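Read the structure below first, then the notes.
FYI, it's all coordinate maths here, none of it is from the lab. Just so we're clear, the structure is a prediction, and the values are computed from it rather than from any experiment. So basically every Cβ, Gly included, is an ideal-geometry build from the backbone, and we count neighbours across all protein chains shown.
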Amino acid sequence: MITELVLPQDRFSKTKLSDIKKKTFIFGKNGTGKSSIVECIKKQYANEYEIKVFQGYEQIIADYGKLDLIALGVENVEIQKQIKELEPKIKELEAELEDTLDGKDNLKKRYNQQENVVTEAEKEITEFYKKSASEIKVNNRTLVDSNYNKNDFERNVNNLEEFSEKEVDEAYKIYEQRDIKIEAQNEYSLDKINKLVKTVNKILLTEVIESIELVFNSTKERIWVQDGISLHKETECCLYCGAKLTKARKLELNNYFNDTVNQLNAEILMCEKLIEEEKIYVKELPSIRKEQFLLTHEKKVNELNEKLISIKDKAYFFLDDLQKKLQYKKENLFLPCLAVKVYEQKELELFGKEYKELYKTNYDEVNRLSILKEQAKVIIRNYLVAERCRAFNHVEKKSKLQAENVKLKELKEELGNKQEDLDKLREDVKTLQLQTVDEGKAAEFINKAIQGLGNQSFTLEKSEKSGEKGAYIVRDYSGEIRRTETLSTGEKNIVAFLWFIHNLKNLNNQSAREKVIIFDDPMNSNDDTAQYLIISELQNLLNSSDSQIFILTHNAHFYINTRYQWWRKDKQNKVTIRLIKRGNTSDVILINNEDSDIKTSYDGLWSEVKWLYEQDKPDYMLNPIRRILETYKKFNCIDDLFGGNKEAEKLFNVNSHSIDDLENDPNGKNRDEIIELVKKIFIKHRAEEHFKAHWEESVD
């Protein structure tokens, strides 16, 4: 017997489960680790014990699909799974190999059609070549010769090259380019500017000592007098006021405006003239003539002309500034002036370099323009061919044609291979069918057990048409055949559970090893009556079997009913364990006696009523309510519990049934009306608080 189990550290707060008994009941909500415990038992004791596990119907029942049959039994289900894996392959092969007249596509039909597919594809491509060659020849006469045809076009297609949009655009420009007679290269120089700067700086830095014999109130006054000296050179009187000019006065004026001043003024005038001439020269610097360059260089020519405009503007402004500096010196001969920085010509040098490179490139290309035009023709023709191919989806269609040709060669061989595969699969199915097991006795046991389900019952009937021993038809309560897809999860579960119970007694499956039986949440998605049937069978098994039994559940209703009177017999061989989630792990709590059980029996009855209330099952609420009232009556020594309430007395006495009564008549009341009657009984005996403590706590 298993007495100890090692638990995984990541699921449980302690790693060892001890005190395991012959009959072990484990209660825990979903996610607390029940299935992990089942896996631990199988992993740690599979070699020592024969472990039988019930975990639902999936391994015990399987349907046949369109045949409306079910496979019953673990061996038959496993065989049926293998057959089901083969069936789609068989159907697929049959569909591919049979002659079809309904228009459906299959391998044989494709084989017959393949030559037509290839022929049509080749015809489409050939027509495309012819049409494209004709269009190119008509619309682009100078690009191709007069004999250009589909074969030429096909050669062009097979030799297509990748050209960028820029390359194609330039090819068109070269192709359309007229002949050019190139003129001499322009010269761009502003060297004179810095020569002028040198002259200007010489003037600006010339020092003139002012005479102290005469004093003028302003520069304007001084200039006015200076200009007047030449006018009064031969006259004795002032032309302005008529006063007599003495020789002494004329001498004073001539001394003030000496030769240095006169010479400097002359130099300023001369320099101003040279600057003006240079400004004219700058303005007239010629732009680069577009017509002297190929169309492919038009963008570069425009860029260089824009740079030239900027250079000319800067040079002009620089010369204009030189003039302003001279004017200032002219007006302030006796004042010191700062020298002018040299004119920076780096921008002009870069421009000149680019211009010369472009000129040379253009010159070379113009000289071999005829060659470039031929190359341009190739690019344009390539582009026109590629454009038509793209519109036609030539690459895809050519690839498709190649693929179709490959298919044509492969289809015949594929037909032969598939026929061999089909023959082998059919033989495999026959072999598997011979291995199926007769489950007649199990079916009899199941049919007898589920007869008590009343109008919810059904019958398993062995099928003679499937060729398998474990195939069964399902007939409903009225004897009609039911489609397998109409079977609910609960119905499949009860059949699987009953088969499992019967199979435990199957002598053919007995092993020399001690048996360990595990029920992992057996009460899963079952109708109410079927649930009581499962509970009854488990109680019988617990009382009659010598095997070690583990029952794991999350269902409080199932727990309370299955372990009813659990503590009253053979307590040493029974144990209840509770699993409680604490964060990421679960605590394992050992329940040693009835008082420390998950709930007392009385509280457990309230929990059961709550569960049935939440499931909206009023008919099944009556049994646990009767037991609640009987317990309360005995505990409080009440003689007349119902106090003349005939409706309640009849409902909870007459319409109540024991756990073995699997069919009961509807009581005609809904869940809230039943609870209201219970509440009135407790109020009558001044126990409303007792009712509230249990019911309100239950329905929270």
Taking Ile61, Ile193 and counting other beta carbon atoms within 10 angstrom, the fewest-first order is Ile193, Ile61
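Can you classify segment 39-187 as rounded, prolate or oblate using the Cα gyration tensor, where a ≥ b ≥ c are the square roots of its eigenvalues, rounded means a/c under 1.5, and otherwise it's prolate if a/b beats b/c and oblate if not? Please list the in-between numbers first.
On the way: a/c = 7.07, a/b = 2.51, b/c = 2.81.
It is oblate, given that a/c is not under 1.5 and a/b is not larger than b/c.
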Cα-Cα longer than 28 Å, checked against Lys198/Lys279; Lys42/Lys469; Lys279/Lys341; Lys91/Lys412, kept in input order, equals Lys42/Lys469
Long-range amide H partners of Asp63, meaning residues 5 or more apart or on another chain whose placed amide H is closer than 5 Å, are Ala71
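Treat the count of other C-beta atoms within 10 Å as a stand-in for reagent exposure and order Thr459, Thr32 from fewest to most. Let's see the in-between values first.
Numbers: Thr459 17, Thr32 24.
Going from least to most buried by this count: Thr459, Thr32.
Work the Kirkwood hydrodynamic radius out for the chain: mean of 1/r over every pair of different alpha-carbon atoms, inverted, in Å. Write down the numbers at each step before the final one.
Working: mean 1/r = 0.0254 Å⁻¹.
Averaging 1/r across every pair of different Cα atoms and inverting gives 39.3 Å.
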As straight-line cross-link partners of Lys137, the qualifying lysines (C-alpha separation under 29 Å, not fewer than 8 residues apart within one chain) are Lys123, Lys150, Lys166, Lys173, Lys373, Lys377, Lys397, Lys398, Lys400
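As an exercise, identify the chymotrypsin sites (Phe, Trp or Tyr not before Pro) in segment 160-211 lying in DSSP coil whose Cβ has no more than 15 other Cβ atoms within 10 Å.
Working: sites: Phe163, Tyr172, Tyr175, Tyr188; in loops: Phe163, Tyr188.
Passing both the DSSP loop test and the Cβ count: no residue.
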Those trypsin sites (Lys or Arg not before Pro) from segment 162-206 that are DSSP loop and have at most 12 other Cβ neighbours within 10 Å turn out to be Arg178, Lys181
Beyond 25 Å (Cα-Cα) in this structure, taken from Lys192/Lys325; Lys505/Lys610; Lys29/Lys617; Lys29/Lys633; Lys89/Lys462, we find Lys505/Lys610; Lys29/Lys633; Lys89/Lys462
Between Lys646 and Asp102, the two model label points (7 Å from Cα along the beta-carbon direction) sit apart by a distance in nm of 6.9 nm
Note on the chain: contact order normalised by length, alpha-carbon pairs under 8 Å, 6 or more apart, percent, works out to 24 percent
If each part is reduced to its alpha-carbon centroid, segment 361-422 and segment 63-123 end up apart, in Å, by 38 Å
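Subtracting the Cα-Cα distance from 0.36 nm times the residue separation, let me have the gained length for Lys353 to Ser35 in nm, one decimal.
Contour length minus Cα-Cα distance gives 105.9 nm.
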Most exposed first, judged by fewest Cβ atoms within 10 angstrom, Asp152, Asp99 run Asp99, Asp152
Percent antiparallel among DSSP beta bridges confined to the chain, rounded to 5, stands at 50 percent
